[in-house]
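A.B. asks: Quick one: structure below, then a few questions.
What follows draws every value from the coordinates through simple rules; no lab data is involved. Since this is a predicted model, take the numbers as computed values, not measurements. As a convention, Cβ positions derive from the backbone with ideal geometry for all residues, glycine included, and neighbour counts pool all protein chains shown.
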Amino acid sequence: MQHTLAQKLLARAAGRSTVAPGEIVTCCVDLALLLDSGGPRRIWPRLKELGVGVWDPERIVLVTDHFVPAVDAESAAILRLTREFAREFGIRRFFDMQGIGHVVLMEQGLLAPGMFVCGGDSHSSNGGAYAAYVMGLGAIEMTGVVVTGEIWAPVPETIRVNWHGRFGRGVVAKDIMLMLCRELGMENAFRVIEYGGDTVSAMSMAERAVLTNMAAELGAETGLVEADQTTLAALREAGQEPPADALQWRSDAGAAYLAVHSFDAAALEPQVAAPHSPGNSAPVSACPPTRIDQAYVGSCMGAKLSDLRMVAEVLRGRRVASGVRFLVAPASQQTWRDAAADGTLEAITTAGAILLPTGCGACAALGAGVLAEGEVCISSTNRNFKGRMGANSAAVYLGSPYTVAASAVAGRIADPREFLT
Amino acid sequence: MSIRGRAWVFGDGINTDVMAPGLYFKAPMEEMARHCLEAVDPRFASEVRPGDIVVAGRNFGVGSAREQAALALKHLGVGAVLAISFGRIFYRNALNFGLPALFFPAAGEVRPGDLLEVDAVAGQVTNHSLGRQYSVQSLPPHLMAMVASGGLMPYLKARLQGQSG
């Protein structure tokens, strides 16, 4: 019997030889990611109410990212409580203001093929790029996870999405996801999206994580990419020796998929999602000329080193349009250091863009860069729901870092291919 | 587990950000709940009454893991949520707070203000205003006990007491 990667990962976590779609299984959690947003501030009072501590401090990773740096007394209090929680429960892997949690897990080499991980944030699926099963959960269920070390999971059907060929100039993984939000829809609960094909095999881990991160927008249980040499190399680069069985974490040939889709990367254009849904996307060439007030590059989705390099590539020798504020918040301190060392940050600031501290920030209307009533923004983030980045009447468009940077230079939503040679 | 209340009707793709807007994320639940769904229906938070039932189209609660989306509905006294389908984390959060969330394919037949009665255990929805009764999928068996006990916290308490006793 052939099995999908998702079935294999859940069978291992549930201590079973096999599992079948439709079953509900109880899984042992290898790693739990807690963030300042839905972490200690919501979980600690519940632990007190239950009169218990955490099941295993060594299996908890705690990150401050949503409310950093503190902008008012409320966010400062949330951060203080988060730091006290780390001390109280001896959480050794506490990353305070070091970057956005999903990116920190990658940088620290904390994800490995075969793992079962729970994260208190919908974009936890990001980690599926490492052939680990990563479930996003609310704080109430993360409370259960840190008390018991267990969680129930439906065994999902898998949709396989293959991409073949090479991208044209100015087209990247983000464009795949904006297109898939339209083509596959955003209603894929009880399903996993598994990405493959030679286009995906050729991608860096940073680009693969774009695919798995936005599996959340597809509404899927999680997103997965099978383990290969790129996965192993990324782990070694992060200072971790891959598990001996790492390369076995792939779907069997002939595994039963709910559907298999195949797309041609060379035929894909840069995509833009119009307000107020990632599924409301179209090729940038079909997007009417739209004046912008703000361009934003940030979040777990669109501000890793490769994203900032795309921005710099567009901005070199150009200026941000007058009347447009272009805000760039690197996804982590490591990203910041790397982008400073290779001249990327200099290119960004020389063109007139403004650097913001690392954190979730304006993506979720929590930090610097929120929008006023009626303002228009194009953003490299993953969600553009009404009110997501500030006022309810603000209009948020989503695009790749290339498209966001091109638009910042043009002062209107622009096709990045006009700016790349 | 019978819940009776007036229907509040919403369309497709109602997301977590409009139920629990980021701008009020740091505020106490009392304040956040006042802004629940205001971007879609500004009257909802002030006029919804305990026991009222939210009826929605496809993918209700798509988006974020923020449990405040389900909590805000619960805080406002919403007795149950009926939708054609749900965002996965919202669905889990709602049940873990003891807020029944049921798949209801006939959501489109319900009119705002209709008097509804929901039995989540039996899997029955009655629209008294229309005089129609529907059989729906009841709560998943593995979660029935948890929802019936009021959600994950009471369930965990009982489990921990069982271990120590």
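A.B. asks: Excluding A:Val104 itself, what net charge comes from residues whose Cβ is under 10 Å from its Cβ, given Lys and Arg +1 and Asp and Glu -1? Each step should come with its number before you reach the end.
C.D. replies: Details: positive: A:Arg93; negative: A:Asp65, A:Glu107.
In short, -1.
A.B. asks: In debye to the nearest 20, how big a dipole does the range B:86-165 give about its Cα centre with +1 on each Lys and Arg Cβ and -1 on each Asp and Glu Cβ? All intermediate terms of the calculation are to be shown ahead of the outcome.
C.D. replies: On the way: 6 positive and 4 negative charges, 70 e Å.
Its charge dipole is roughly 340 debye.
A.B. asks: Residue by residue through B:83-90, how many Cβ atoms from other chains fall within 10 Å of the Cβ on average?
C.D. replies: 6
A.B. asks: Okay, moving on. Sum -39500 (n - 2.57) across every DSSP H segment of at least 4 residues in chain B, then divide by the residue count to get the 222 nm mean residue ellipticity, nearest 500.
C.D. replies: Counting only the DSSP helices, I get -8000 deg cm²/dmol.
A.B. asks: Rounded, prolate or oblate: pick one for the range A:296-421, where a ≥ b ≥ c are the square roots of the eigenvalues of its C-alpha gyration tensor, a/c under 1.5 means rounded, and failing that, prolate if a/b is larger than b/c, else oblate.
C.D. replies: Because a/c hits 1.5 or more and a/b fails to exceed b/c, the range A:296-421 counts as oblate.
A.B. asks: A follow-up question, please. Stretch A:Ile24-A:Ser262 to full length: gain in nm at 0.36 nm per residue minus the Cα-Cα span?
C.D. replies: Computed gain between A:Ile24 and A:Ser262 is 82.7 nm.
A.B. asks: Which lysines have a Cα lying under 24 Å from the Cα of A:Lys48, excluding residues fewer than 8 positions away in the same chain?
C.D. replies: Filter leaves B:Lys26, B:Lys74, B:Lys157.
A.B. asks: Can I ask one more? For the range A:43-93, run through the trypsin sites (Lys or Arg not before Pro) and keep only the ones in DSSP coil with at most 14 other Cβ atoms within 10 Å of their Cβ.
C.D. replies: A:Arg92
A.B. asks: Placing +1 on the Cβ of each Lys and Arg and -1 on the Cβ of each Asp and Glu in the range A:53-109, which of A:Ala73, A:Leu105, A:Phe89 has its Cα farthest towards the positive end of the resulting dipole?
C.D. replies: Looking along the dipole axis, the top candidate is A:Phe89.
A.B. asks: A follow-up question, please. For the range A:201-289, what relative contact order do you get, as a whole percent, if you take Cα pairs closer than 8 Å and at least 6 residues apart?
C.D. replies: With pairs under 8 Å counted, the relative contact order is 16 percent.
A.B. asks: Could you run the Karplus curve 6.51 cos²θ - 1.76 cosθ + 1.60 with θ = phi - 60° over the range A:258-274 and give me ³J(HN,Hα) per residue in whole Hz, x for Gly and Pro?
C.D. replies: 5, 7, 10, 10, 10, 10, 9, 5, 5, 8, 7, 9, x, 10, 9, 9, 8
A.B. asks: Okay, moving on. Taking only C-alpha pairs under 8 Å that are 6+ residues apart, what is the relative contact order of chain B in percent?
C.D. replies: About 23 percent, as a whole number.
A.B. asks: Within a 10 angstrom radius of each residue's Cβ in B:23-31, how many Cβ atoms of other chains show up on average? Whole number is fine.
C.D. replies: Working: counts 10, 2, 9, 12, 1, 1, 0, 0, 0.
So the per-residue partner count for this stretch is 4.
A.B. asks: A further question follows. Per-residue counts of other Cβ atoms within 10 Å, averaged by peptide: what ranking do you get for A:102-113, A:61-72, A:404-415, highest first?
C.D. replies: Put in order of decreasing packing, that is A:404-415, A:102-113, A:61-72.
A.B. asks: Give the percent of DSSP beta bridges with both residues in chain B that are antiparallel, rounded to the nearest 5.
C.D. replies: Working: 13 of 25 bridges.
Bridges in chain B that DSSP calls antiparallel: roughly 50 percent.
A.B. asks: While we're looking at this one, here's another question. Net charge around A:Val147, counting only other residues with Cβ within less than 10 Å of its Cβ (Lys, Arg = +1; Asp, Glu = -1)?
C.D. replies: +1
A.B. asks: What translational diffusion coefficient, in µm²/s and rounded to a whole number, does the Stokes-Einstein relation yield for the range B:61-165 at 37 °C and a viscosity of 0.692 mPa s, taking the hydrodynamic radius as the Kirkwood radius over Cα pairs?
C.D. replies: 224 µm²/s
A.B. asks: By its C-alpha gyration tensor, with a ≥ b ≥ c as the square roots of the eigenvalues, how is chain A shaped: rounded for a/c under 1.5, else prolate for a/b larger than b/c, else oblate?
C.D. replies: oblate
A.B. asks: Same structure, new question: For a label point 7 angstrom out from the Cα of A:Val71 toward its Cβ, which stretches of the range B:58-90 have the backbone nitrogen within less than 15 Å?
C.D. replies: none
A.B. asks: What nm distance separates the two modelled labels at A:Asp252 and A:Thr148, each placed 7 Å from Cα along Cα→Cβ?
C.D. replies: About 3.0 nm, to one decimal.
A.B. asks: Report, in debye and to the nearest 20, how large the dipole of the protein assembly as shown comes out about its Cα centre when Lys and Arg carry +1 and Asp and Glu carry -1 on their Cβ.
C.D. replies: 480 debye
A.B. asks: Let me ask another. Sorted by packing (mean other beta-carbon atoms within 10 Å per residue), highest first, where do A:227-238, B:95-106 land?
C.D. replies: Highest mean packing first, the order is B:95-106, A:227-238.
A.B. asks: Oh, and also: Under a straight-distance cross-link criterion of Cα-Cα below 17 Å, which lysines are reachable from A:Lys174, leaving out those fewer than 8 residues away in the same chain?
C.D. replies: Candidates past the 8-residue exclusion: A:Lys304.
A.B. asks: In the neighborhood of A:Val68, defined by Cβ-to-Cβ distances under 9 Å, what is the net charge if each Lys or Arg adds +1 and each Asp or Glu adds -1?
C.D. replies: Spelling it out: positives minus negatives among the neighbours equals -3.
A.B. asks: Moving to a separate point now. Taking each residue of B:11-19 in turn, how many C-beta atoms of other protein chains fall within 10 Å of its C-beta, and what is the average?
C.D. replies: Counting Cβ atoms of other protein chains within 10 Å of each residue's Cβ and averaging gives 5.
A.B. asks: I would also like to ask the following. Charges on Cβ only, +1 for Lys and Arg, -1 for Asp and Glu, centred on the Cα centroid of the protein assembly as shown; of B:Met153, A:Gly323, A:Pro278, which one is farthest towards the dipole's positive end?
C.D. replies: Projecting each Cα onto the dipole axis, the largest value belongs to B:Met153.
A.B. asks: With θ taken as phi - 60° and the coefficients 6.51, -1.76 and 1.60, list the Karplus ³J(HN,Hα) couplings across the range A:102-108 in order, rounded to whole Hz; mark glycine and proline as x.
C.D. replies: Rounded to whole hertz, the list is 5, 7, 4, 4, 5, 4, 8.
A.B. asks: Another question, then. Which of the peptides A:281-290, B:74-83 is most tightly packed, and how do the rest follow, going by the mean number of other Cβ atoms within 10 Å of each residue?
C.D. replies: Details: A:281-290: 15.7, B:74-83: 22.3.
In descending order of packing, they fall as B:74-83, A:281-290.
A.B. asks: Mind jotting down the distance between the C-alpha centroids of the range A:256-272 and the range B:1-74, whole Å?
C.D. replies: Using only Cα atoms, the two centres lie 35 Å from each other.
A.B. asks: Could you pull out every residue, at least 5 positions away or on a different chain, whose amide H is within less than 5 Å of the one on A:Val161? Hs are placed 1.01 Å off N in the peptide plane, and Pro or chain starts have none.
C.D. replies: The answer is A:Glu194, A:Tyr195, A:Gly196, A:His261.
A.B. asks: Show me, for the range A:115-124, the HN-Hα J-couplings you get by feeding each phi into the Karplus relation (A = 6.51, B = -1.76, C = 1.60, θ = phi - 60°), rounded to Hz, glycine and proline as x.
C.D. replies: For the range A:115-124, the Karplus curve yields 6, 10, 10, 10, x, x, 6, 5, 7, 4 Hz.
A.B. asks: Please list, ordered by chain and number, the residues whose modelled amide H lies under 5 Å from the amide H of B:Ser64; skip anything fewer than 5 residues away on the same chain.
C.D. replies: B:Thr16, B:Asp17
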